[in-house]
Amino acid sequence: MDQLVSTQWLEDHLRDADLRIFDATVRFVPEAGALRVSSGREEYLLRHVPGAGFLDLLSDLSDPASPLRFTRPSATRLANAFSRAGIGSESRVVVYSASSPMWATRVFWLLRAAGHAAVAVLDGGFARWVEEGRPVDGAACRYAPAQFRAEPREDLWAAKEEVRAAIGDAGTCTIDALPSAVHRGEAGLGYARPGHIAGSVNVPFESLLEPQTGCFRSREELRARLRDAGALERARAIAYCGGGIAATMAALALVRAGHPNVAVYDGSLDEWSRDPGLPMQTGD
């Protein structure tokens, strides 16, 4: 299954018996000079792609015991959540978001890292679906529970020890998917220290999308951008952001560009910036 499916493809396949469609919307809400995250479940209940269920990244797909937001849960907790949602080993899954595609790519990466290859992101998301006048539904939908058997791929995740070891390592490219101003340390998003992980290069997540459509750029354009960043010539690429969400957009782009060895640093800058012993830089 390709990493992306078009709105036309999804409409043509809405009634496929093995297809599971999910809304994974999360919203950033400005609040007292900071950004609060809010589940998109209420939006989903108003309208969604017909037949789609809802996957809640804020509860079911994050570790409630972690001090960091959005930390991936254990393989058992994740398998139980996907089973309850109706995803079985033979299911094909399409995930979308009504806000940034980063929420859909996060679920994409969680499933991929759990060993489920038949998963794709709806290119352009729910916004493009609605703009094109495609059908929507307002009735909550649930798939029958299934048996999800996790086969974890730990190579798709990087811990801070690996990220630290990658500094100065010619075989690894560490990619910061945050906006350029945050990378340079000129703007902050509430992290303990400004700037970026020492030695990392910046490929802002928004630069991976076509501004007019919200769709991912073509494979050729993605290859060019990632090649310019030095990612394609390295044996391994590690993507990070603030909390491991936007990084999954870079990870998906790397996979589409043909990189064979891609990981996401789950703790990302939220974890890294809290430890004064871990090196950071400002500027380009």
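Quick note: the coordinates plus some simple rules give every number you see, no bench work behind them. Remember, it's a predicted structure, so these values are computed and weren't measured experimentally. As a convention, Cβ positions derive from the backbone with ideal geometry for all residues, glycine included, and neighbour counts pool all protein chains shown.
Report ³J(HN,Hα) in whole Hz for each residue of segment 41-46, in order, from the Karplus equation J = 6.51 cos²θ - 1.76 cosθ + 1.60 where θ = phi - 60°; Gly and Pro get x.
4, 5, 4, 4, 5, 7
Relative to the longest principal axis of the C-alpha atoms of the chain, give the angle of the C-alpha long axis of helix 75-85, reported between 0 and 90° and rounded to the nearest 10°.
With rounding to tens, the tilt is 30 degrees.
Could you compute the longest span of the chain free of GluC sites (Glu not before Pro) located in DSSP loops and having at most 15 other Cβ atoms within 10 Å, not counting the site residues?
Details: sites that count: Glu90, Glu132, Glu186, Glu233.
Free of exposed loop sites, the longest segment is 1-89.
Quick one: Karplus J couplings for segment 128-144, per residue in order, coefficients 6.51, -1.76, 1.60, θ = phi - 60°, nearest Hz, x for Gly and Pro?
5, 4, 5, 4, 8, x, 7, x, 10, 9, x, 8, 4, 10, 9, 8, 5
For segment 1-79 and segment 265-279, compute the distance between their C-alpha centroids and round to whole Å.
Value for the Cα centre distance between the two parts: 25 Å.
Any idea what angle helix 219-228 forms with the longest principal axis of the chain, computed on alpha-carbon atoms, 0 to 90 degrees, nearest 10?
In the chain, helix 219-228 runs at an angle near 20 degrees to the longest axis.
Principal axis extents for segment 155-281, Cα atoms only, whole Å, descending order, please.
The Cα atoms of segment 155-281 stretch 39, 30, 21 Å along the principal axes, largest first.
Amide H to amide H under 5 Å from Thr174: which residues, 5+ apart in sequence or cross-chain, H placed 1.01 Å off N in plane?
Those lying under 5 Å, H to H, from Thr174 are Val201, Ile238.
If R0 is 30 Å, what FRET efficiency do you get for Asp228 and Ala187 from their C-beta distance, rounded to 0.05?
Numbers: r = 23 Å, r/R0 = 0.76.
For Asp228 and Ala187, the calculated efficiency is 0.85.
Counting only the backbone N, which residues of segment 8-37 are under 16 Å from the spot 7 Å out from the Cα of Glu90 toward its beta-carbon?
16-20
Amide H of Gly86: which non-local residues (sequence gap of 5 or more, or other chain) have their own amide H closer than 5 Å, using H built in the peptide plane?
Ala146
Considering amide H positions built from the backbone, and no H for Pro or chain starts, which residues 5 or more places from Arg20, or on another chain, come under 5 Å of its amide H?
Arg92, Val93, Val94
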